[in-house]
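Notes for the one structure printed next.
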Amino acid sequence: FISIGNTVKGLRDLIEENVALLGSQHLVIALSSAVSVVLVATARFLERERRNIQSLLQLQELFHKPRLLFEGLGTLVTIVKSEANAGEAVTRLTNEAQRLTSGTIWLEDILSEVVLRTATPWVKAMAEVVGLSRPAICGFTPNDGGSARTQESGSIQAASSYVLPEEISPLIRECETSLLLLQAHEPDHPLAKSGW
């Protein structure tokens, strides 16, 4: 119980602390939100089920699954807080969630949802980078964690360095150039309008 309490305290600290300006700041905020939902749902579950507890063995059994869940969440928090590159953080989150679940369906369902919610800012940024959606912000740089706007020109390069591995960035720049050429010379083309 002490171990579970310490893990939950660490998760609550993530929710309450001010996030340092890292490249993965958006991921930390999204993960914090997902963890908050899981903690509230688990507390409600434990509160409801405690009425049926009549022995220490039943109490231990009741806390077995929440302990596994909290430990998994703690691992995901450590990954996101230690990784400055959002793309690398998403990759590590996905791999670690798969490792942690190892065939446990109930845990896989929850951690998959947490990873999905955590990766959403990165996925949206990726869609903006490749021109699949209208940018919510003009772009971000690795140093500002997405908090400041950048000039329209160069926004894709700044964003791609934020969300993509190095080997994919040249391909994204090529996509941006092609999209800009298409918008400049064929503004009515369906591809030029897609997402814009």
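Please list, in order along the range 112-123, the HN-Hα scalar couplings obtained from phi with the Karplus expression 6.51 cos²θ - 1.76 cosθ + 1.60 (θ = phi - 60°), rounded to whole Hz, x for Gly and Pro.
Once θ is set to phi - 60°, the couplings for the range 112-123 become 4, 5, 5, 5, 4, 5, 5, 7, 3, x, 5, 5 Hz.
For a Förster distance of 45 Å, can you work out the FRET efficiency between the beta-carbons of Trp106 and Arg173, rounded to the nearest 0.05? The partial results should precede the final answer.
Values: r = 43 Å, r/R0 = 0.95.
Step by step, r from the Cβ atoms, then E = 0.60.
Search the structure for amide H atoms under 5 Å from the amide H of Ser133, placed 1.01 Å from N in the peptide plane, and list their residues when 5 or more places away or on another chain.
Hits under the 5 Å cutoff: Glu128.
Could you state how much accessible area Ser133 has, in square angstrom rounded to the nearest 10, with a 1.4 Å probe and all protein chains kept in place?
Its heavy atoms expose roughly 40 Å² to the probe.
Based on the alpha-carbon gyration tensor of the range 36-114 and its eigenvalue square roots a ≥ b ≥ c, which shape applies: rounded if a/c is under 1.5, prolate if not and a/b is larger than b/c, or oblate?
Prolate, because a/c is 1.5 or more and a/b exceeds b/c.
How much length would be gained if the chain were fully extended between Ala127 and Phe63, taking 0.36 nm per residue of separation minus their Cα-Cα distance, in nm to one decimal?
Length difference between fully extended and current span is 19.0 nm.
If I model a spin label as a point 7 Å beyond the Cα along the Cα-Cβ vector, how far apart are those points for Ile4 and Glu113 in nm?
2.0
Could you give each residue of the range 36-51 its phi-based ³J(HN,Hα) in whole Hz, using Karplus coefficients 6.51, -1.76, 1.60 with θ = phi - 60°, and x for Gly or Pro?
4, 4, 5, 4, 5, 5, 5, 4, 5, 4, 5, 4, 5, 7, 5, 5
The values are calculated or read from the model by the stated rules, or taken from the named source; none is laboratory data. Just so it is clear, the structure is predicted and the values come from calculations on it, not from any experiment. Positions of Cβ are generated from backbone atoms using ideal geometry, with glycine treated the same way; all protein chains shown enter the neighbour counts. Heads up: the accessible areas ignore ligands, DNA and RNA and are worked out on the full protein's heavy atoms, side chains in. Shrake-Rupley method; radii C 1.70, N 1.55, O 1.52, S 1.80 Å.
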